[in-house]
Amino acid sequence: MCPAITTAGFNVLYSSCPNLHVVQIGGPKNELPLEHIFRISGGPRLLSLDVEASICTPRSFETLRDMSTRSPNLLHLRMGKCGGFQGDELPHMLQAWPQLQTIDLNGCLQVNPQHLLDALRQAPPRHVEELNLAGWKDMSDESFGDIVTAFPEDPSRPLLRLNLSGMWRITRAAALAASKWPHLRVLDMSVNKMIDDKVMLAVAQNCLSLRTLELYSCANITDRGMQAVVQSCTHLKRLGLYGLKRLTDDAMADIGRCLPNLQSLDLSATEISTHTLASVAGGCPRLHTLNVMNTPIQDSDIEKVLSGCKLLQRLQLNSCEQLTDIAAFGMGQHSHLLNYLSIR
């Protein structure tokens, strides 16, 4: 956000640029009330509006109704972390923009899940490709299950990206989501210790098109669930397993055997061994990003990775206390494409 620009400045800017397709106006330093943003932005060509971390007031959605008339073609609406937003206007928003492809309510902690459920029932969106409810830590398993069930099914316009990170209380509903949306390409269920092998089995059975799976701090996942996923979701390009300490070499080895297209892998704070990195190095030749921070890897492991993953560009080794100068010498000899190295 540019905090010195006022409503008057933005008003002149938007009135002078009638062809804007994308507007991003928000951020932690944004002091413009949301009603000012809705009043001054928008136009018939506006397709994407990002007002993350803006301030909602009781008048905000009076101006939203006017904006929905001026900008009837909006496809992407991102309202993450909007303070004061309680979701009362969600039914109107879905009615005004039935063509919405992105609904981003990340961190909108004051929104009552019932408002979202009511909106889905009153104006079911049939074109949504991305749903972001990250940070809704008070969402119950039952409430999210109702939301999943209420979402309309349209095989021609499937949901592709789903973010449930930080939803600490969902379990069975996460498995229901996996079966409801089998075409998912991106799935983030991070920071949820309730996510377990049963959820992973549902993902493995249904989400065969996954390209990105983030499981940061999902500490209850074991080899059984992880092996099922990597053996079924073989198109994965990005896999985040930070803090999954219950995984053993058996599950880690399957990553190298089953994911030849993997490009980014986060194994930080896991119990990986020499066998794990040998498997990754031998089976993931397209890997360009590897995070093994806070793991017991040794000098020989680094040499294996650099020898096998010749496209590696980003490597994070923070708190790898067993590494010595030998690893540094090896990186100097093999890491010709490396452009980011974190080793603290």
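Every number here is computed from the coordinates shown, using simple stated rules; none is lab data. The structure presented is a predicted model; accordingly, all values stated were derived computationally and were not measured. Cβ: placed from backbone, ideal geometry, glycine included. Neighbour counts: every protein chain shown.
Observations
- Radius of gyration (Cα atoms) of region 178-221, expressed as a multiple of 2.2 N^0.38 Å: 1.06.
- Estimated [θ] at 222 nm from DSSP helical runs (n ≥ 4, -39500 (n - 2.57)) normalised by residues in the chain, nearest 500: -10500 deg cm²/dmol
- Around the Cα centre of the chain, unit charges on the Cβ atoms of Lys, Arg, Asp and Glu (plus for the first two, minus for the last two) sum to a dipole of about 620 debye.
- Hull shadow area, averaged, region 228-344 [alpha-carbon convex hull, nm²]: 6.0 nm²
- For the chain, the longest site-free run once GluC sites (Glu not before Pro) in DSSP loop states with at most 14 other Cβ atoms within 10 Å are removed: 154-320
- The Rg/Rh ratio of region 120-247, with both radii computed over alpha carbons and Rh defined as the Kirkwood radius, is 0.95.
- In a simple Cβ point-charge model (Lys, Arg +1; Asp, Glu -1; nothing else charged), region 181-337 has a dipole of about 620 debye relative to its Cα centre.
- Identified option (computed mean projected area of the Cα convex hull in nm²; candidates [x] 19.0; [y] 15.8; [z] 18.1): [z]
- Each of ASP249 and ASP223 was given a label point 7 Å from its Cα along the Cα-to-Cβ line. The distance between the two points is 1.0 nm.
- Exceedance of the 22 Å cut-off in Cα-Cα distance is limited, within the set LYS237/LYS310; LYS137/LYS237; LYS81/LYS137; LYS81/LYS237; LYS198/LYS304, to LYS137/LYS237; LYS81/LYS237; LYS198/LYS304.
- The value for region 47-125 of Rg(Cα) / (2.2 N^0.38 Å) is 0.99.
- 18 Å cut-off, amide nitrogen to a point 7 angstrom out along LEU208 Cα→Cβ, residues in region 229-254: 229-237
- Over every Cα atom in region 54-198, the radius of gyration and the widest Cα-Cα span, Dmax, amount to 14.7, 48 Å.
- Amide H contacts of LEU244: SER217, each under 5 Å away and 5 or more positions distant or on a separate chain (H built 1.01 Å from N in the peptide plane; Pro and chain starts excluded).
- Shown is the FRET efficiency for THR57 and SER319, computed with R0 = 45 Å from the Cβ-Cβ distance and rounded to the nearest 0.05: 0.50.
- Paramagnetic label zone (point 7 Å from Cα along Cα-to-C-beta, ARG126; backbone N under 17 Å) in region 84-113: 94-102
- Computing FRET efficiency as 1/(1 + (r/R0)^6) for LEU75 and SER342, where r is the C-beta to C-beta distance and R0 is 45 Å, gives about 0.80.
- Relative contact order (%) - criterion: Cα under 8 Å, at least six apart; region: the chain: 8 percent
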